[in-house]
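Quick notes on the structure that follows.
The values are calculated or read from the model by the stated rules, or taken from the named source; none is laboratory data. What you see is a predicted model, and the numbers here were worked out from it, not measured in a lab. Because the Cβ atoms are built from the backbone with ideal geometry, glycine has one as well, and the counts that use them run over all protein chains shown.
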Amino acid sequence: MGKEERLQQFERVVLQALLQLGGDAYGMTIRREVARRNQRMVSIGSIYATLARLQQCGLVTSHPAAASPERGGRRRRCFRIQASGVRALHAANAATKATWIPVAMVGAQA
């Protein structure tokens with residue numbers, strides 16, 4: 001991800017979910033964590049589209065997990081945040097914090 005590219009809010013939430021879930025997070029566990037953080041459901045398609053963008057930028061990697069009988073022998077695709085993803089997330093959070101003006105201060109200036 002280049003300097004001119006910035007993490008969008010949903011990308012940040014997905015990266016934070018990956019950090020929270022640790023090691024081998026997969027689509028549905030990521031979806032549940034994102035829903036918990038946003039306090040609303042999101043489509044699994046939006047999760048996978050975001051993960052694909054983050055993977056293309058080198059912030060996330062994926063690998064197939066072992067096949068499971070409950071999935072009919074199909075494998076899950078597991079995702080993991082990379083060090084570059086952690087750095088991008090910290091940079092995005094720092095940028096937000098640097099531009100944040102608390103509501104109380106805005107009211108005091110009026």
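Take region 49-61 and flag every residue that is outside any helix (DSSP H, G or I) and either loosely packed, with under 15 Cβ neighbours inside 10 Å or touching a residue at least 60 places away in the same chain (Cβ under 8 Å) (or both).
Across region 49-61, the qualifying residues are 58, 61.
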(message) Restricting to region 31-48, and then to whatever is surrounded by 13 or more Cβ atoms within 10 Å (Cβ to Cβ) and small (Gly, Ala, Ser), can you tell me which residue is farthest from residue 79 (Cα to Cα)?
(response) 35
(message) So, in region 63-85, how many residues would count as being touching a Ser or Thr at 6+ places or on another chain (Cβ under 9 Å), within 16 Å of residue 48 (Cβ to Cβ), in contact (Cβ under 8 Å) with a residue 24 or more places away in the chain and not in a strand (DSSP E or B)?
(response) 1
(request) Can you work out which of the residues in region 1-27 that are among the hydrophobic types (A, V, I, L, M, F, W, C) and in a helix (DSSP H, G or I) is farthest from residue 94 (Cα to Cα)? (result) 21
(request) Report yes if some residue within region 28-37 is closer than 20 Å to residue 93 by Cβ, out of contact with any helix residue (DSSP H, G or I) (no Cβ under 7 Å at 6 or more places or on another chain) and modelled with pLDDT of 90 or more; otherwise report no. (result) yes
(request) Could you please let me know if residue 34 is of a type in the set (Val, Ile, Thr) and part of a loop (DSSP other than H, G, I, E, B)? (result) no
